Amino acid sequence: MNSRHTVTIDLPIVAACNRRSLLIHRYGSGRPKAYLQAALHADEAPGMLALQHLLVLLDAAPDRVQGEIVIVPFANPIGLSQFLNGYTLGRYDFDVTGNFNRAVPALGERLAPLLAESLGDDPQANADIIRAALRRQVAALPTLREGEALKALLLSHSIDADYVIDIHCDHEALLHLYAPRDQRALAQQLAADMHCMALLLEDDPGGEAYDQANSSPWRVLRQHYGERIPLGCFACTLELRGQGDVNDTLAAQDATGLYRFLQRQGVIAGTPEALPPPQGVCVPLEGVDVLRSPGAGLLVYHQALGAQVSEGEIIAELIDLHRINHRTPIRSRTEGLLFTQARDPLVRPGQSLAKIAGVHPLDYRQPGKLLQD
Ligand SMILES: [Zn+2]
């Protein structure tokens, strides 16, 4: 009889008399293993509600989990406590560890020389060896600061998973997905199951995001030891639309999509419905134009989310409030789908205003530097 096991794990105390903790739900104990977490940037609530719906689906028939599923319904209790002027601010640590979804330790290069003697020719046996070694490496990560301890604790539950789905959202956005180019078929399945509007394929995004920390060790080890190293983890960042897109209709649809995908991978028993036809675009991450504000002022959009725009088209205008109707046009540098926008019309220089999914790689988008702020 399979059932859900829930544990609460404390983070280190950083302020006297204040203790924060992480809740972790687990179903089953076999393989394949899937790990899902929501709101690593704490002020991104759509994934929290989607996982509530997924937990209800799983609780209704926990025996159907034939692998293992780990669910972290809120991945950032530190960020959830960062409340200022009426807003929860969860993207950056108020302490010194920075963006909660950057500088997540990637362990591949550290691991590679340690495994030279133990790896053989059997990819499956190698996967077991690598997972055990990854668990040991994560157990040795620094945990002195609370932000470091949080990253290490989350990784300790995901680093040996076959599937890692890190659920975020943007300011205003269509549902989109960041996934590895060399696991395109799996990414396209997840995109179809989630009715994703923009699948962004990457192979060297940079930034050391959470998904990369889980999947990149396998690629690094393959570079060192060749094809006998399987790509043992599919990890991705799923962006569940915009921060305000929190309602039960969308969350139920998203949970059903996640459930179907897990069934398709054999984590949950049963035959999933046929794969929905893909709805959105599939583009290289280097083809995503990230428009930034050239100055400070008031932003007005000329194009709505979901618009198909052409190169050179005016997406928004920046109004200089020190002058009278002085407007600076902000133009797309590619042809494609406008899939994110800013929420706040008051913008600062350099602030991201919009993302446009284009098919052609852009000169200014350099591999290794594709994720900023
Ligand atoms: Zn995020």
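The values are calculated or read from the model by the stated rules, or taken from the named source; none is laboratory data. As the structure is a computational prediction, the values presented were derived from the model and not from experiment. Every residue, glycine among them, receives a Cβ derived from its backbone with ideal geometry; neighbour counts consider all protein chains shown. All accessible areas refer to the heavy atoms of the entire protein, side chains included, with ligands and DNA or RNA removed. Shrake-Rupley method; radii C 1.70, N 1.55, O 1.52, S 1.80 Å.
Six or more apart or on different chains, Cβ under 6 Å: which pairs go from a residue in the range 227-242 that's closer than 18 Å to H195 by Cα to one that's away from the ligand (no atom under 15 Å from the Cβ) and open to solvent by 10 Å² or more (accessible area, probe 1.4 Å)? Could you list them?
Once the first residue is closer than 18 Å to H195 by Cα and sits in the range 227-242, no partner that is away from the ligand (no atom under 15 Å from the Cβ) and open to solvent by 10 Å² or more (accessible area, probe 1.4 Å) comes close enough.
Could you tell me whether any residue of the range 10-21 is surrounded by 14 or more Cβ atoms within 10 Å (Cβ to Cβ), in contact (Cβ under 8 Å) with a residue 60 or more places away in the chain and within 14 Å of S158 (Cβ to Cβ)?
The answer is no, given that none of the residues of the range 10-21 is surrounded by 14 or more Cβ atoms within 10 Å (Cβ to Cβ), in contact (Cβ under 8 Å) with a residue 60 or more places away in the chain and within 14 Å of S158 (Cβ to Cβ).
Across the range 161-188, what is the total count of residues that are more than 16 Å from the ligand (Cβ to nearest atom) and either open to solvent by 10 Å² or more (accessible area, probe 1.4 Å) or not small (G, A, S) (or both)?
10
Only one of (1) in a loop (DSSP other than H, G, I, E, B); (2) within 25 Å of the chain's Cα centre (by Cα) fails for T340. Which number is that?
(1)
I'd like the residue in the range 189-205 that is among the aliphatic types (A, V, I, L, M) and within 16 Å of the ligand (Cβ to nearest atom) and, out of all such residues, is surrounded by the most Cβ atoms within 10 Å (Cβ to Cβ).
Across the range 189-205, the extreme among qualifying residues is L200.
Working carefully through the options A185, A213, A179, A191, find the one that is part of a helix (DSSP H, G or I), of a type in the set (A, V, I, L, M, F, W, C) and within 25 Å of L291 (Cβ to Cβ).
Result: A191 is the single residue among A185, A213, A179, A191 that is part of a helix (DSSP H, G or I), of a type in the set (A, V, I, L, M, F, W, C) and within 25 Å of L291 (Cβ to Cβ).
Out of everything in the range 89-116 that is of a type in the set (G, A, S) and within 14 Å of the ligand (Cβ to nearest atom), what residue ends up being surrounded by the fewest Cβ atoms within 10 Å (Cβ to Cβ)?
Looking at the filtered set, the residue picked out is G98.
Can you find even one residue in the range 55-77 that is within 22 Å of the chain's Cα centre (by Cα), assigned to a helix (DSSP H, G or I), within 16 Å of the ligand (Cβ to nearest atom) and modelled with pLDDT of 95 or more?
yes
Residues being farther than 11 Å from P12 by Cβ and open to solvent by 30 Å² or more (accessible area, probe 1.4 Å): count how many of those fall in the range 148-160.
1
Could you check the range 277-295 and list, in sequence order, the residues that are loosely packed, with under 15 Cβ neighbours inside 10 Å and either among the β-branched types (V, I, T) or more than 27 Å from G368 (Cα to Cα) (or both)?
Residues satisfying the conditions are P277, Q279.
Suppose we keep only residues that are open to solvent by 60 Å² or more (accessible area, probe 1.4 Å) and out of contact with any helix residue (DSSP H, G or I) (no Cβ under 7 Å at 6 or more places or on another chain) within the range 56-80. Which one would you say is farthest from Q265 (Cα to Cα)?
L80
Within the range 22-54, count every residue that is away from the ligand (no atom under 16 Å from the Cβ) and either of a type outside the set (V, I, T) or open to solvent by 20 Å² or more (accessible area, probe 1.4 Å) (or both).
16
If I ask for residues that are over 13 Å from H41 (Cα atoms) and touching a residue at least 60 places away in the same chain (Cβ under 8 Å), which ones from the range 92-103 would you list?
Of everything in the range 92-103, those that are over 13 Å from H41 (Cα atoms) and touching a residue at least 60 places away in the same chain (Cβ under 8 Å) turn out to be D95, A103.
Given the condition β-branched (V, I, T) and in a strand (DSSP E or B), answer yes or no: does some residue in the range 8-16 qualify?
yes
Would you point out the residue of the range 219-249, among those that are under 24 Å from V65 (Cβ atoms) and among the hydrophobic types (A, V, I, L, M, F, W, C), that is surrounded by the fewest Cβ atoms within 10 Å (Cβ to Cβ)?
It comes out as L231.
Quick check: anything in the range 134-147 open to solvent by less than 10 Å² (accessible area, probe 1.4 Å), out of contact with any strand residue (DSSP E or B) (no Cβ under 9 Å at 6 or more places or on another chain) and farther than 22 Å from V7 by Cβ?
no
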